[in-house]
Amino acid sequence: MSALSELYEEIALCRQCEIAKYRTKVVPGEGAEDADILFIGEAPGWHEDQQGRPFVGPAGLYLDELLASINLKREQVYIANVIKCRPTGNRDPLPSEIHNCRKWLERQIELIHPRIIVTLGRYSMAMFFPGKKSISKIHGTAQKRDNVIYYAMYHPAAALHQQSLHQAIETDMLKIPSLLAQTESVAEAKQQPQQLNMFGD
Ligand code: URA
């Protein structure tokens, strides 16, 4: 059994938050265990809770389309959420739930070791982009720390419901291949100083 599968078993036993009582299935995440790109959404919705899989409802279908726009299938990336249980009534995650669940996401990041972490929406962005700037300022920008690129995008569900965000999320997705190419050149060049563009800092 892979280390990630063992982690899923541990996550399935977690009952730290009240919402664990009401879940149908826990939604740890899925995808390539050695993915270069890790997408992190917010929390499971109704469809995800039923199936135990991330992004399988309308927002997930849109995410699949966005991935197809850069010639990727969901099996080639890894998709997870900030929290692993569905918040009752699809409310926003509570700070305590984000805090309790953080350890699982950290373990996933350690095991997958992605080159790019793409945050989908403001909850995921807040975990990796410290500061008070809003997503309308940060989306489409990247920061590099410890050889990992953090890249912020709007949440696909937000873009589905607000026509004005459609263009932004689609344009932001199209920048991912060149970000990935930059991480490859960094890996190849090893210690040489790099000038990365598209970085918002
Ligand atoms: N929205 C999310 O943030 N995650 C999912 O898995 C589904 C919808």
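The values are calculated or read from the model by the stated rules, or taken from the named source; none is laboratory data. All values derive from a computational prediction rather than experimental measurement. Heads up, the Cβs are rebuilt from the backbone with ideal geometry, glycines too, and the neighbour counts pull from every protein chain shown.
Being in a helix (DSSP H, G or I), over 19 Å from Leu66 (Cα atoms) and modelled with pLDDT of 95 or more holds for only one residue in Glu184, Glu170, Glu188, Glu97, and it is Glu97. Could we say that Arg107 is over 12 Å from Ala43 (Cα atoms), surrounded by 15 or more Cβ atoms within 10 Å (Cβ to Cβ) and touching a residue at least 60 places away in the same chain (Cβ under 8 Å) here? Judged against the criteria, Arg107 is a match.
Listed residues Ile79, Ile83, Ile116, Ile98; which is away from the ligand (no atom under 13 Å from the Cβ) and surrounded by 19 or more Cβ atoms within 10 Å (Cβ to Cβ)? Outline the logic, then answer.
Working: Ile79 fails: away from the ligand (no atom under 13 Å from the Cβ); Ile83 fails: away from the ligand (no atom under 13 Å from the Cβ); Ile98 fails: away from the ligand (no atom under 13 Å from the Cβ).
Selected residue: Ile116, the only one of Ile79, Ile83, Ile116, Ile98 that is away from the ligand (no atom under 13 Å from the Cβ) and surrounded by 19 or more Cβ atoms within 10 Å (Cβ to Cβ).
Within region 102-113, the set of residues being part of a helix (DSSP H, G or I) and more than 13 Å from the ligand (Cβ to nearest atom) comprises Arg102, Lys103, Trp104, Glu106, Arg107, Gln108, Ile109, Glu110, Leu111, Ile112. Within region 119-162, restricting attention to residues that are among the small types (Gly, Ala, Ser) and in a strand (DSSP E or B), the residue that is surrounded by the most Cβ atoms within 10 Å (Cβ to Cβ) is Ala152. Note on region 163-184: among residues that are β-branched (Val, Ile, Thr) and surrounded by 18 or more Cβ atoms within 10 Å (Cβ to Cβ), the one that is nearest to the ligand (Cβ to nearest atom) is Ile169. Scan region 35-43 and give yes if some residue there is at pLDDT 95 or above, touching a Ser or Thr at 6+ places or on another chain (Cβ under 6 Å) and exposed (fewer than 15 other Cβ atoms within 10 Å of the Cβ), otherwise no. Taking every residue of region 35-43 in turn, none turns out to be at pLDDT 95 or above, touching a Ser or Thr at 6+ places or on another chain (Cβ under 6 Å) and exposed (fewer than 15 other Cβ atoms within 10 Å of the Cβ). If the condition is being among the hydroxyl-bearing types (Ser, Thr, Tyr) and touching a strand residue (DSSP E or B) at 6+ places or on another chain (Cβ under 8 Å), then region 1-45 contributes no residue at all.
Note on region 47-69: residues that are surrounded by 15 or more Cβ atoms within 10 Å (Cβ to Cβ) and either near the ligand (Cβ under 8 Å from one of its atoms) or not in a helix (DSSP H, G or I) (or both) total 10. Filtering Ile135, Ile79 for residues that are of a type in the set (A, V, I, L, M) and in contact (Cβ under 8 Å) with a residue 24 or more places away in the chain leaves a single hit, Ile79. Of all the criteria given as (1) more than 20 Å from Arg107 (Cα to Cα); (2) within 11 Å of the ligand (Cβ to nearest atom), the one not satisfied by Pro44 is (1).
Take Gly140 and decide whether it is within 13 Å of the ligand (Cβ to nearest atom) and on the phi > 0 side of the Ramachandran plot. Against the criterion (within 13 Å of the ligand (Cβ to nearest atom) and on the phi > 0 side of the Ramachandran plot), Gly140 does not qualify.
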